[in-house]
Amino acid sequence: EAGVVQSPRYKIIEKKQPVAFWCNPISGHNTLYWYRQNLGQGPELLIRYENEEAVDDSQLPKDRFSAERLKGVDSTLKIQPAELGDSAVYLCASTGQGPNEQYFGPGTRLTVT
Amino acid sequence: DQQVKQNSPSLSVQEGRISILNCDYTNSMFDYFLWYKKYPAEGPTFLISISSIKDKNEDGRFTVFLNKSAKHLSLHIVPSQPGDSAVYFCAASAGHQGGSEKLVFGKGTKLTVNP
């Protein structure tokens, strides 16, 4: 069974530029998460989807971040415009029904210069 | 306000010995706890979990202990192997019966197992 797929793996952009990340969760997993992990920190939740509905986006900086999961499967996370402080690893995770084990993708390492 | 705390940024042990990683939490609503292992350039990988109705869960070389009164949990790895060298994250969630709840992570502890 394929794991959570994310692309790109690495992205370097200049500040004020837009950037987008893509995630394909494990097949059949209804819940999808986007986390941000700053250097030396644990992952922090940005947004959680149940199917196509964003059920928790309280931590998403909505002035510059947006996310969508139109068909309840794959998802995109966008930053526009990017700031220096957005440099981090962006992780996508998914989970199915039942136990709370979330499965993480490899992440996208974003560097804003 | 850090709700999940891993106060040791790093730990070094000899191969074959026991590794003990500690985690403290402050939110009494947390009822499910997980440990994740992370290698460089990879996403966190689920290792072991424990529900608040238990005080111990064991899976092979890995055992997690939960002390609810102290709001403390620990991960024991016995015997430690060089391949266990990674960053270990403690995570917690509230409302486990809901299934897919938000995880709150600690900052991680970097474990190095020396041959």
Check: Do we have any residue at all in the stretch B:89-99 that's assigned to a strand (DSSP E or B), away from chain A (no Cβ under 12 Å) and open to solvent by less than 70 Å² (accessible area, probe 1.4 Å)?
Finding: no
Check: For the stretch A:60-102, what are the residues that are polar (S, T, N, Q) and part of a loop (DSSP other than H, G, I, E, B)?
Finding: A:Gln80, A:Ser87, A:Gln97, A:Asn100, A:Gln102
Check: Cβ-Cβ below 6 Å, separation at least six or inter-chain, first residue in the stretch B:38-58 and within 7 Å of chain A (Cβ to nearest Cβ), second part of a loop (DSSP other than H, G, I, E, B) and open to solvent by less than 100 Å² (accessible area, probe 1.4 Å): which pairs?
Finding: B:Glu42/A:Pro106; B:Gly43/A:Gly105; B:Gly43/A:Pro106; B:Gly43/A:Gly107; B:Phe46/A:Glu101
Next item on the list: Please tell me if A:Gln102 is closer than 24 Å to B:Cys90 by Cα, out of contact with any Gly (no Cβ under 9 Å at 6 or more places or on another chain) and at the interface with chain B (Cβ under 8 Å from one of its Cβ atoms).
Entry: yes
Check: Out of all the residues in the stretch B:69-80, which are without any contact (Cβ under 8 Å) to a residue 60 or more places away in the chain and crowded, with 16+ Cβ neighbours inside 10 Å?
Finding: B:Lys71, B:Leu73, B:Ser74, B:Leu75, B:His76, B:Ile77
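Taking the condition surrounded by 15 or more Cβ atoms within 10 Å (Cβ to Cβ) and under 30 Å from B:Lys110 (Cα atoms), does A:Ala88 pass?
yes
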Note to self: Quick check on this structure: which one of A:Ser27, A:Ser75 is open to solvent by less than 60 Å² (accessible area, probe 1.4 Å) and of a type in the set (Ser, Thr, Tyr)?
What the structure shows: A:Ser75
Checklist line | Cross-chain or 6+ apart pairs with Cβ under 7 Å, the stretch A:82-95 first and at the interface with another protein chain (Cβ under 8 Å from one of its Cβ atoms) and more than 19 Å from A:Pro18 (Cα to Cα), then open to solvent by 10 Å² or more (accessible area, probe 1.4 Å) and aromatic (Phe, Trp, Tyr) | finding: A:Ala93/A:Tyr103; A:Ala93/A:Phe104; A:Thr95/A:Tyr103
Margin query: Looking at B:Ser28, B:Ser10, can you tell me which residue is of a type outside the set (Asp, Glu), at pLDDT below 95 and surrounded by fewer than 20 Cβ atoms within 10 Å (Cβ to Cβ)?
Written below: B:Ser28
Margin query: Being touching a Leu at 6+ places or on another chain (Cβ under 9 Å) and crowded, with 16+ Cβ neighbours inside 10 Å: is that true of A:Ala93 here?
Written below: yes
Notebook entry, point to check: Any idea which of (1) aliphatic (A, V, I, L, M); (2) touching a residue at least 24 places away in the same chain (Cβ under 8 Å); (3) open to solvent by 60 Å² or more (accessible area, probe 1.4 Å) is the one A:Leu70 doesn't satisfy?
Noted result: (2)
Next item on the list: Would you list the strands (runs of 3 or more DSSP E) that sit entirely within the stretch A:1-43 and hold 2 or more residues that are of a type outside the set (Ser, Thr, Tyr) and touching a Gly at 6+ places or on another chain (Cβ under 7 Å)?
Entry: A:5-7
Checklist line | Meets criteria (within 14 Å of chain B (Cβ to nearest Cβ), part of a strand (DSSP E or B) and at pLDDT below 95) for A:Tyr49 | finding: yes
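The values are calculated or read from the model by the stated rules, or taken from the named source; none is laboratory data. Predicted, not measured: the structure shown is a model, and the values here were computed from it. Heads up, the Cβs are rebuilt from the backbone with ideal geometry, glycines too, and the neighbour counts pull from every protein chain shown. Side chains included, ligands, DNA and RNA excluded: accessible areas come from the protein's heavy atoms. Shrake-Rupley method; radii C 1.70, N 1.55, O 1.52, S 1.80 Å.
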